[in-house]
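Written out below as structure tokens is the structure these notes cover.
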Amino acid sequence: MRPVERREIVDFATYEDGREALRARVLDVKRVRRVHVGEVLTFLFENPLTVRYQVQEMMRVERIVREADIQHELDTYNELLGGDGELGCTLLIEIDDAAERAAKLRAWYGLPEHLYALLPDGTRVRPAIDERQRDDERLSSVHYLRFDVRGQVPVAIGCDLPALTAETRLGDEQRAALAADLGPDAPR
């Protein structure tokens with residue numbers, strides 16, 4: 001997937017003028033790229049449009065204007081995108097109770113190695129993970145993953161961690177959105 005380039009980013013004042021229209025578009029794009037697996041795992045597949053929106057929002061909120069700072073935001077958020085043949089996503093572990101969340105994030109330390117995208121031929125593709133999202137004792141409740149699906153659109157997303165086994169079949173609309181993201185014309 002092609003990363004978002006500097007020329008696609010506008011200053012925060014210009015962005016503010018068209019923010020509501022872009023926000024509505026991005027929310028619609030995210031809706032079909034959100035996959036709930038079991039009761040607490042949510043995968044949000046990213047594309048250049050969602051990344052561009054996140055960069056613009058950071059610039060708006062933090063009033064970023066320096067070129068080096070803008071480039072830092074681009075570099076950081078472009079990491080969410082997969083490369084050629086890959087799908088990048090943000091994984092949210094959603095547990096409201098703080099004590100329960102803390103205990104599960106320790107108990108599920110190996111969770112990232114138990115996640116998968118199921119390809120049409122039955123192959124389970126494990127994600128590349130960002131090790132910055134866990135320390136020596138626990139996971140973060142947010143993870144950045146990249147699935148090398150070799151350009152194929154998954155049919156399901158799942159988890160085979162014994163304490164958290166679940167799989168969600170992708171609907172036609174979800175598969176079409178991911179197919180678009182894998183193609184040369186991913187939403188920008």
Output ordering of 19-32, 139-152 (per-residue mean of other Cβ within 10 Å, highest first) is 139-152, 19-32
Each label sits 7 Å from Cα toward the beta-carbon; between GLU173 and ARG60 the label points are separated, in nm, by 2.4 nm
Counting only protein heavy atoms with a 1.4 Å probe and every protein chain in place, the carbon and sulfur fraction of the accessible surface of the chain in whole percent equals 48 percent
Counting only protein heavy atoms and rolling a 1.4 Å probe, one gets per residue an accessible area for the chain in Å² of 50 Å²
Here, segment 1-45 modelled as identical Cα point scatterers in vacuum has Debye log10 I(q)/I(0) at q = 0.29 Å⁻¹ of -1.02
Ordering 156-169, 89-102 by per-residue average of other C-beta atoms within 10 angstrom, highest first, gives 156-169, 89-102
Of the convex hull enclosing the alpha-carbon atoms of the chain, the direction-averaged projected area in nm² is 11.2 nm²
From DSSP H assignment alone, runs of 4+ in the chain each adding -39500 (n - 2.57), the sum over residues rounded to the nearest 500 puts [θ] at 222 nm at -12000 deg cm²/dmol
Computed from the beta carbon distance with a Förster radius of 25 Å, FRET efficiency for SER140 and GLU20 to the nearest 0.05 stands at 0.20
Rounded to the nearest Å, the spacing of the alpha-carbon centers of segment 127-153 and segment 11-34 is 25 Å
Counting Lys and Arg as +1 and Asp and Glu as -1 over every other residue whose Cβ sits under 12 Å from the Cβ of ARG134, the net charge comes to -3
For segment 115-188, Rg(Cα) over 2.2 N^0.38 Å is 1.23
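The values are calculated or read from the model by the stated rules, or taken from the named source; none is laboratory data. All figures in this text were calculated on a predicted structure; none of them were measured in a lab. No Cβ is skipped: glycine too gets one built from the backbone with ideal geometry, and neighbour counts run over all protein chains shown. These accessible areas exclude ligands, DNA and RNA; they are computed on the full protein's heavy atoms, side chains included. Shrake-Rupley method; radii C 1.70, N 1.55, O 1.52, S 1.80 Å.
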